[in-house]
1. What number of residues in segment A:241-266 are under 30 Å from A:Leu574 (Cβ atoms) and either in a strand (DSSP E or B) or among the β-branched types (Val, Ile, Thr) (or both)?
2. When you go through A:Glu495, A:Glu477, A:Glu472 one by one, which is the residue that is farther than 14 Å from A:Ala799 by Cβ, exposed (fewer than 14 other Cβ atoms within 10 Å of the Cβ) and in contact (Cβ under 8 Å) with a residue 12 or more places away in the chain?
3. Which numbered condition in (1) over 27 Å from A:Gln667 (Cβ atoms); (2) within 14 Å of another protein chain (Cβ to nearest Cβ); (3) not aromatic (Phe, Trp, Tyr) is the only one that A:Asp232 fails?
4. When segment A:44-97 is examined, which residues are found to be among the polar types (S, T, N, Q), surrounded by fewer than 18 Cβ atoms within 10 Å (Cβ to Cβ) and free of Cβ contacts under 8 Å to residues at least 60 places away in the same chain?
5. Check segment B:67-88 and report whether any residue there is surrounded by 10 or more Cβ atoms within 10 Å (Cβ to Cβ), over 30 Å from A:Thr230 (Cα atoms) and without any contact (Cβ under 8 Å) to a residue 40 or more places away in the chain.
6. Do we find a residue being farther than 23 Å from A:Arg800 by Cα, more than 18 Å from the chain's Cα centre (by Cα), part of a helix (DSSP H, G or I) and not assigned by TED's automatic domain parsing to the domain that holds A:Gln898 anywhere in segment A:527-541?
7. Among what's in segment A:870-903 and is surrounded by 22 or more Cβ atoms within 10 Å (Cβ to Cβ), closer than 13 Å to A:Asn616 by Cβ and not β-branched (Val, Ile, Thr), pick the residue that is nearest to the chain's Cα centre (by Cα).
8. Suppose we filter A:Leu844, A:Leu815, A:Leu833 for residues that are touching a Lys or Arg at 6+ places or on another chain (Cβ under 9 Å) and either closer than 29 Å to A:Glu379 by Cβ or among the hydroxyl-bearing types (Ser, Thr, Tyr) (or both); which single one remains?
Amino acid sequence: MPDVTLVIDGQTVTVPAGTNLVDAARTAGVTIPVFCYHPKLKPVGMCRMCLVEVWTPKIDPATRQVVMGEDGKPVMALMMGKLQPGCVTPVSEGMEVRTTTPKVRFAQKGQLEFLLTSHPLDCPVCDKGGECPLQNLTMQFGPSTSRFDYADKIHFEKPVPLGDLIYLDRERCILCSRCVRFQDDIAGDPVLGFDNRGRAWEIISKSDPPFDSKFSGNTTDICPVGALTTADFRFKARVWELRPTPSICPHCPVGCTISLDMRYDRLMRVMPRENEYVNEIWICDKGRFGMRFIESPERLRHPLIRKGDTLTQATWDEAIALVAEKLRAIRTHAGATALGGLASPDLPNEDLYLFQKLFRQVLGSPNIDCCTGAPGAPEIIDLGATLGVGKGTNLANLGTGTAVLVVGADPEEEAPLYVLRLRGIVARGGDLTVINPYPTKLDRTPARVIHPRAGTEAFVALALIKVVIDEELVANEFVTRRVRGFDDLKARLREHSVASLCDVAEVAEDTVRAAAHAFARAEHGIIVYGRVALTIGADLLNALADLALLTGHIGKPNSGFIPLIPGANARGALDMGVRPGSGKKRGLSAREMWTAAREGRLRGMFIAGLDPVRDNPAVASALDALEFLVVQDIFLTETAQYANVVLPTASIAGREGTFTNAERRVQRFRQARIPEYNTPAGWDIAQRIARALMSGNREAVTSTDPTDGRTAQRPCVQTGTSTWDYVVASDVADEIATTIRGYTDTTYESLGLTRKPQWGRQPNEAIFYDGTSYENMEGVGVQIAAEADNPKAVFTLQARVPSPIPEDDAHPYILLAVPRAYDGRAWARDSKLLPRMIKPHLILSTVDAAALEATPGALVRIASDAGQAVLPVQIDRHLPRGLALIPDVNGAPLSAVQTSPLTRVAITLHISESVEIR
Amino acid sequence: MIGALFKGLGTTLRYLFRKPVTVEYPEVKRPVRERFRGRHQLKRFANGMERCIGCSLCAAACPADAILVVPAENDPAAPHSPGERYAERYEINMLRCIFCGYCEDACPTNAIVLEHQYELSFYDRQSSILTKDDLLVPPDKGHGEIPPILDQLNRRPSPPAQIDL
């Protein structure tokens, strides 16, 4: 866009055409006060706080020429003859803006006096007090007295619940509509609106249940007064008493940059921290309200050792010594391969790195995994490390020229912030295609929606490839340079047409063609895939990889894959090598470990942060067969009930570390308080076990040489990297930086160097951001490079046409386990979100429910080869026929019926009477 | 030299018959000035409600960091104070307090008042922390008035403090 030069309060500034006066003034360091305007929202000009004098060169109506004065300068005229709202007035050439004239000052004073006539004098009890734009602007621009009588103030009934999480105080509301516009434009949940008019004008919630949005907490942040407050923080503390600690949200692969606001050692609230690369200034309600578990009274406080049938309290020395002794004994009599370890993909990088180091180097066992191996859990297929979005990606800048494919993912449930990011891309002119077997919230954005028949998603991906090949949309230069096997792929697809592939998936051919055109012609192409795509498996992901390679959307910033693999730090777990195939020698996967344990080949296990018994109760028999089980967790989980030793660990508030998010951005979180009950961090537990193993009997400590699997009798401590003398988490991070590929720049020093002024922050930032989010003082993190970022990396096309899933008359339905954000797992303890947790149920289409004569709430029996389960029914009228969904929530009997990620089941009516689901 | 001795004794003799300036503390307690700043009290409204609304402004104003306020939400059926918020915990560490009276100035409801009690000694540090039970005046012991300083300055208290339900 062409630049426009104008004068603001005597300063000459040059800004892009179309910029409004408020933003233009910010670049010059001039403050124009605002209430309704927010840099992240579209301006509406409702509050009239930004009135300024705008002078423009006078134009002669006859000649359309600028009238020149006698001094040779243009004659200036006051625009419209009166003050103009700065937020909705675009800049123009030669304009002169005056923000400090007596006329403007008079308008600002009058506007504030007017706003305060109906604003209660609540500041001492208001939760916004201290970070309130109305307070700030009144102090800076307002009158010192009011002509209105205090007794004449209008009073409403005080807090009105706008939902179970957000309270509305109608007296305080200045009706700026920031919350309404956030819900409409940014979150895409238009659940708020205005009601009545005049003095009775008020904000209402239009949805049932009220304020049903996963982003509702953000409205309390951007509210410029204390009208919207959260149930979580109401009357907890005054904001100036809080100590904001930079942290990272541990709930999903987005890795939102957050702040834990502590008062002494208690968590008061969770607020977003600005990070344009990750979450801008937003966070979802799961991150905001789902952090109460760290102060739960049910937290484990002491190590527990099994004595007979009970777990009894023990000291750390006893517990660690016992763990070391037992693990050593098992290794001596059954070999190192009789030991296995499972670590949660929610743990920070430091924990995961030392966990695998403990197993690979000290114990000598390659059997480690980062999942529970439930029968329905999909195989982790990772395209992020190889074909992930290029280094330097920033979704916040993308718009026109960007095409996004969201395949087999429900971002709202798996990684809620991606909904806002993707909606932002669409709002800025990007193109979005959603390919998913069942409808998700993303369908409501202006997107191209493709609902293939469940299990045939790969055919849609192949159809996209076919369109790209047929219509010669292939990025030829890129393909010749970096892609192999193009001719083979063409040969494999020769006998298929776009129409035939679309027919298999039962999707409209022209939609697929349009999606292929948009994706291939876009400057930036991004593919987001999630849990359902993993469920479909390699056929789909290979085809998607080939699509990205053929169109050249690989190995450059803002193009490539964003995998939403379950687990907040799944990316880190894969990078740290917590997978059986990551080492030089392949070990047992989680699923194989259960078999091995039942057969007696696996004798000892160390499970950190995972709860396999919860996911799959059948695992209990395998755990019973073990000789020794160590569980490390923050709660006494179902798995911990089977443990010989339970080791409590610190939550993210009591320690520091790093997470790697879905876009491979490594971000650091800081310690917010002394560790709860003095529990050590996970990496420290691994270190203590390793030290005990090595110190006890140095000769007996053996290590399996990973190169040949031969057991050699030699002490473990040999090289510099094998010493276990980490004092603080940064020591572990330093070692990760030297040993893990791509993590070179992720030492804490390097992460700290990424501090720089953020986009939104300006000298007068308090006007816009006070109470909205915290300035990012800790750095935006480091994005590590994908393999494809190396210009010499060459990839082979692997897509092939799969055989469709055979029909099975005995089991006519395809069962999918679908992710849910509010799954009711351990993180939800003590949270205000508990009423929103989803109870186990089955979702059926209208047609299928009618055929079964099942009404909403009726109980149905789901039967497969594995077994059966009874669940209440919910009906989704947008769901295609033949598909049954079970949300993967706490208590869902998934392992009872699932034989594989994609299971065929039979469904019969069990009891027709209604059972309350929600 | 003898003369000087008698001169001195004479002064002693003269003072012997004057009214003494000292008092027999603790039997006799000297009255303090009206604006003396002694031990704090948390006042009530005339209807018995606590004046303190738990706003923590006293804690923010305190230069010695002697005050701790933990607020909570009033139960609308049985409120402690007018409005939505009240002080669930209110503690003053008298070892830290420097009796500057900033808390009094900061209080929007005139709830905290530095009263005339000056006998503040403790056997241990723990008992130097006065809790809300210690500080809050009993319901029948009157309620806070407009502080004399505002009277002298001819200023009215802030509107929340005017609420007298």
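1. Pass one, segment A:241-266, residues under 30 Å from A:Leu574 (Cβ atoms): A:245-260.
Those still in the list that are either in a strand (DSSP E or B) or among the β-branched types (Val, Ile, Thr) (or both) too: A:245-248, A:254, A:257-260.
So the count comes out to 9.
2. Details: A:Glu495 fails: in contact (Cβ under 8 Å) with a residue 12 or more places away in the chain; A:Glu472 fails: in contact (Cβ under 8 Å) with a residue 12 or more places away in the chain.
Among A:Glu495, A:Glu477, A:Glu472, only A:Glu477 is farther than 14 Å from A:Ala799 by Cβ, exposed (fewer than 14 other Cβ atoms within 10 Å of the Cβ) and in contact (Cβ under 8 Å) with a residue 12 or more places away in the chain.
3. Tallying (1) over 27 Å from A:Gln667 (Cβ atoms); (2) within 14 Å of another protein chain (Cβ to nearest Cβ); (3) not aromatic (Phe, Trp, Tyr), A:Asp232 fails exactly one: (1).
4. Result: A:Thr63, A:Gln65.
5. Checking segment B:67-88: not a single residue is surrounded by 10 or more Cβ atoms within 10 Å (Cβ to Cβ), over 30 Å from A:Thr230 (Cα atoms) and without any contact (Cβ under 8 Å) to a residue 40 or more places away in the chain.
6. As a first pass, look at segment A:527-541 and keep what is farther than 23 Å from A:Arg800 by Cα: none.
Checked against the condition, which is being farther than 23 Å from A:Arg800 by Cα, more than 18 Å from the chain's Cα centre (by Cα), part of a helix (DSSP H, G or I) and not assigned by TED's automatic domain parsing to the domain that holds A:Gln898, segment A:527-541 yields no hits at all.
7. Looking at the filtered set, the residue picked out is A:Asp888.
8. Working: A:Leu844 fails: touching a Lys or Arg at 6+ places or on another chain (Cβ under 9 Å); A:Leu833 fails: either closer than 29 Å to A:Glu379 by Cβ or among the hydroxyl-bearing types (Ser, Thr, Tyr) (or both).
Result of the check over A:Leu844, A:Leu815, A:Leu833: A:Leu815.
The values are calculated or read from the model by the stated rules, or taken from the named source; none is laboratory data. Just so it is clear, the model here is predicted, and its values are computed rather than measured. Here the Cβ is made from the backbone with ideal geometry for all residues, glycine too, and neighbour counts use every protein chain on show.
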